[in-house]
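The structure follows.
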Amino acid sequence: MTCEVKLKDRVGTINPIFTCQPAGAQVASIGIKDCIGIVHGGQGCVMFVRLLISQHYKESFEIASSSVHEDGAVFGALNRVEEAVDVLLMRYPHVKVVPIITTCSTEVIGDDVDGVITKLQEELLDVKYPDREVHLIPIHTPSFVGSMVSGYDVAVRDFVKHFSKKTKPSLKINLITGWVNPGDVKEIKHLLAEMKVEANVLFEIEGFDSPLMPDGSAVSHGNTTIADLEATADAQGTIALNRYEGGLAAKWLQKRWDVPAVIGPSPIGIRNTDTFLQNLKTMTGHPIPESLVRERGIAIDAITDLAHMFLADKRVAIYGNPDLVLGLAEFCLDLEMKPVLLLLGDENAEYEKDPRIKALQENVAHDMEIITNADLFELESRLKDGLEVDLILGHSKGRFVAIDNKVPMLRVGFPTYDRAGLYRYPVMGYAGATWLAEQMANTLFTDMEYKNNKEWVLNMW
């Protein structure tokens, strides 16, 4: 049996899995309190990303654009940055953090964003806003390299680089969540609370699920503060839940401030959540309480009710952000399922070095393909060529592939917009393991009914 890692064998992309780097930087920026990012590029670089974010979280978020037009593409557009910063600060007196997020067009024309920030500090902030705390942060995310995943990773590192500073040692840890849902952050914070561990959470996005108040005062935004970011240098350690969505920041803190770093594995499923708690215990010295042992037991009991009878031997295709895909694949293996196709939507030389992928290559007992720089046409063409799959795991962009090929699909990842409220439910932690296993089983049950199949298509007889 083989587990191959290979690059998509076509030139070009049809129906991409990911969007571009600036999108990831924008998602990171909305996790910070009193922060509005300015995307230095065309209006579409903000409009379409805000649409994706709003479709997924069902909320509106404030992100600005320098609105570069044709003249800027020819003559340069730094004047648009200067105007955008001034207008933003006048209109939003509470804003303290303004990342300047570059795009493909402004990187190609060579706009000196770092230089204009220095100019703005001297000629605008010091003159017009001398008594106001404002942080202008350059975030370079050209769209012609990487993906939204690497853009998120770069942005988290750049925020940490700008703010972190040594004062006095702290017993807190840095917890870099990666690109997750509010439900995941709530679950991870629950695990931290049970362990009695305090953390600088990057990023605190529970507030994305905001209430609708009678006075209209509620606004969706992240709640990670400048103080939280500054304190990252004093923490006793950093745990990045995802390798490709926060790993850069964890490595930078270790190199610059000597803060020990543990990167991954994503706490998806029982064994990876066990590893996360053991990492917390090792880093802080806090014991794992009986309450979490009980939660673990409840999750295992729920999985035992499902795995062998309903999920075993089911063939799965998975696509999406790499940490999510690999975490889901590991969990599926623990459920006796067979992930046969993993699609990672960008080209990253680090994938083949990933210890999770190496473990899959050494231990998988069935044929599996891991395709990098993949797109959803890759999934569609393989299904049409006869690849047998019982279940697809991925975000809503692949729904038509599933519908056209009559394969049941569980929505997971970003963006998910054709199912209600999924952002409220975790896929991480013991609660996430229970939810995922039950949802996969229910998706298979529903498909069985639609196709008028009887129970013997499962393993229960």
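Restricting to segment 20-57, count the residues that are in contact with a Ser or Thr (Cβ under 6 Å, 6 or more places away or on another chain) and exposed (fewer than 15 other Cβ atoms within 10 Å of the Cβ).
1
Let me ask you something else. Under the condition of being without any contact (Cβ under 8 Å) to a residue 40 or more places away in the chain and of a type in the set (K, R), which residue from segment 294-342 is farthest from G413 (Cα to Cα)?
R294
Being in the same structural domain as V316 (by TED's automatic domain parsing), touching a strand residue (DSSP E or B) at 6+ places or on another chain (Cβ under 9 Å) and crowded, with 24+ Cβ neighbours inside 10 Å narrows it down to one residue among G413, G429; which is it? Break it down into steps so the answer makes sense when it comes.
Details: G429 fails: touching a strand residue (DSSP E or B) at 6+ places or on another chain (Cβ under 9 Å).
Checking each option against the conditions leaves just G413.
Could I ask something else about it? Mind listing whichever residues of segment 382-404 are among the small types (G, A, S) and either out of contact with any Pro (no Cβ under 9 Å at 6 or more places or on another chain) or not in a helix (DSSP H, G or I) (or both)? Talk me through it step by step, then tell me what you get.
We begin by selecting, within segment 382-404, every residue among the small types (G, A, S); these are 386, 394, 396, 398, 402.
Passing the criteria: G386, G394, G398.
Checking V85 against (1) among the β-branched types (V, I, T); (2) under 21 Å from V49 (Cα atoms); (3) in contact with a Lys or Arg (Cβ under 8 Å, 6 or more places away or on another chain): exactly one of these is not met. Which one?
(3)
May I pose another question? I want to confirm something. Restricting to segment 217-252 and keeping residues that are in a strand (DSSP E or B) and of a type in the set (S, T, Y), which single residue is farthest from K166 (Cα to Cα)? Spell out how you get there, then give the answer.
As a first pass, look at segment 217-252 and keep what is in a strand (DSSP E or B): 224, 238-240.
Now narrow it down to the ones that are of a type in the set (S, T, Y): 224, 238.
Numbers: T224: 18, T238: 15 Å.
Step by step, filter segment 217-252, then rank; the result is T224.
Those residues that are part of a strand (DSSP E or B) and in contact (Cβ under 8 Å) with a residue 60 or more places away in the chain, I need them from segment 196-216; list them, please.
L202
A follow-up question, please. Among the residues of segment 19-59, write down those that are polar (S, T, N, Q) and touching a helix residue (DSSP H, G or I) at 6+ places or on another chain (Cβ under 6 Å). It would help to see each step written out before you state the result.
First, pick out the residues of segment 19-59 that are polar (S, T, N, Q): 19, 21, 26, 29, 43, 54-55.
Once the filter is applied, which keeps residues that are polar (S, T, N, Q) and touching a helix residue (DSSP H, G or I) at 6+ places or on another chain (Cβ under 6 Å), segment 19-59 yields T19, Q21, Q26.
Follow-up question, since we're still on this one. Looking only at strands (runs of 3 or more DSSP E) that fall completely inside segment 253-349, which ones have 3 or more residues that are farther than 22 Å from A199 by Cα and out of contact with any Asp or Glu (no Cβ under 6 Å at 6 or more places or on another chain)? So that I can check it myself, show each step before the final result.
Working: elements: 261-263, 315-320, 338-344.
Hits in segment 253-349: 315-320, 338-344.
Among residues belonging to segment 93-106 that are over 14 Å from A73 (Cβ atoms) and out of contact with any Cys (no Cβ under 8 Å at 6 or more places or on another chain), point out the one that is surrounded by the most Cβ atoms within 10 Å (Cβ to Cβ).
To start, the set of residues in segment 93-106 that are over 14 Å from A73 (Cβ atoms) comprises 93-101.
With the extra rule that they be out of contact with any Cys (no Cβ under 8 Å at 6 or more places or on another chain), the set shrinks to 93-94, 100-101.
Details: P93: 8, H94: 7, I100: 24, I101: 35.
Looking at residues that are over 14 Å from A73 (Cβ atoms) and out of contact with any Cys (no Cβ under 8 Å at 6 or more places or on another chain), I get I101.
If you don't mind, there's one more thing I want to ask. Based on this model, can you work out whether D71 counts as assigned by TED's automatic domain parsing to the domain that holds F48, charged (D, E, K, R) and touching a Lys or Arg at 6+ places or on another chain (Cβ under 8 Å)? Walk me through it before giving the result.
Working: assigned by TED's automatic domain parsing to the domain that holds F48: yes; charged (D, E, K, R): yes; touching a Lys or Arg at 6+ places or on another chain (Cβ under 8 Å): no.
No; evaluated as a whole, the condition is false for this residue.
Looking for whichever is surrounded by 16 or more Cβ atoms within 10 Å (Cβ to Cβ) and not assigned by TED's automatic domain parsing to the domain that holds Y351 here; the options are T167, T141. Which one fits?
Numbers: T167 fails: surrounded by 16 or more Cβ atoms within 10 Å (Cβ to Cβ).
Step by step, each of T167, T141 is checked, and only T141 is surrounded by 16 or more Cβ atoms within 10 Å (Cβ to Cβ) and not assigned by TED's automatic domain parsing to the domain that holds Y351.
Going by the structure shown, is I109 modelled with pLDDT of 95 or more and either surrounded by fewer than 12 Cβ atoms within 10 Å (Cβ to Cβ) or not assigned by TED's automatic domain parsing to the domain that holds E230 (or both)?
In short, no.
Looking at (1) touching a residue at least 24 places away in the same chain (Cβ under 8 Å); (2) assigned by TED's automatic domain parsing to the domain that holds M283, which is the only condition A193 fails?
Unmet for A193, out of (1) touching a residue at least 24 places away in the same chain (Cβ under 8 Å); (2) assigned by TED's automatic domain parsing to the domain that holds M283: (1).
Given the structure, is I318 in the same structural domain as K397 (by TED's automatic domain parsing) and closer than 16 Å to S266 by Cα? Break it down into steps so the answer makes sense when it comes.
Numbers: in the same structural domain as K397 (by TED's automatic domain parsing): yes; closer than 16 Å to S266 by Cα: yes.
Against the criterion (in the same structural domain as K397 (by TED's automatic domain parsing) and closer than 16 Å to S266 by Cα), I318 qualifies.
A further question follows. Give S65, S105 a once-over and let me know the one that is in contact with a strand residue (DSSP E or B) (Cβ under 9 Å, 6 or more places away or on another chain), polar (S, T, N, Q) and within 13 Å of A23 (Cα to Cα).
Result: S65 is the single residue among S65, S105 that is in contact with a strand residue (DSSP E or B) (Cβ under 9 Å, 6 or more places away or on another chain), polar (S, T, N, Q) and within 13 Å of A23 (Cα to Cα).
What are the residue pairs meeting all of these: first residue in segment 1-19, first residue modelled with pLDDT of 85 or more and surrounded by fewer than 16 Cβ atoms within 10 Å (Cβ to Cβ), second residue outside any strand (DSSP E or B) and acidic (D, E), Cβ atoms under 7 Å, and 6 or more apart or on different chains?
Listed pairs, sorted by first residue: L7/E347.
Quick one: what pairs do we get from segment 93-116, first residue more than 21 Å from I36 (Cβ to Cβ), second surrounded by 24 or more Cβ atoms within 10 Å (Cβ to Cβ) and of a type in the set (S, T, Y), C-beta under 7 Å, 6+ apart or different chains?
Close Cβ pairs (under 7 Å, with a partner that is surrounded by 24 or more Cβ atoms within 10 Å (Cβ to Cβ) and of a type in the set (S, T, Y)) do not exist here.
The values are calculated or read from the model by the stated rules, or taken from the named source; none is laboratory data. Note that this is a predicted model, so its numbers are computed, not measured. Cβ coordinates were reconstructed from backbone atoms using ideal geometry, including for glycine residues, and neighbour counts include every protein chain displayed.
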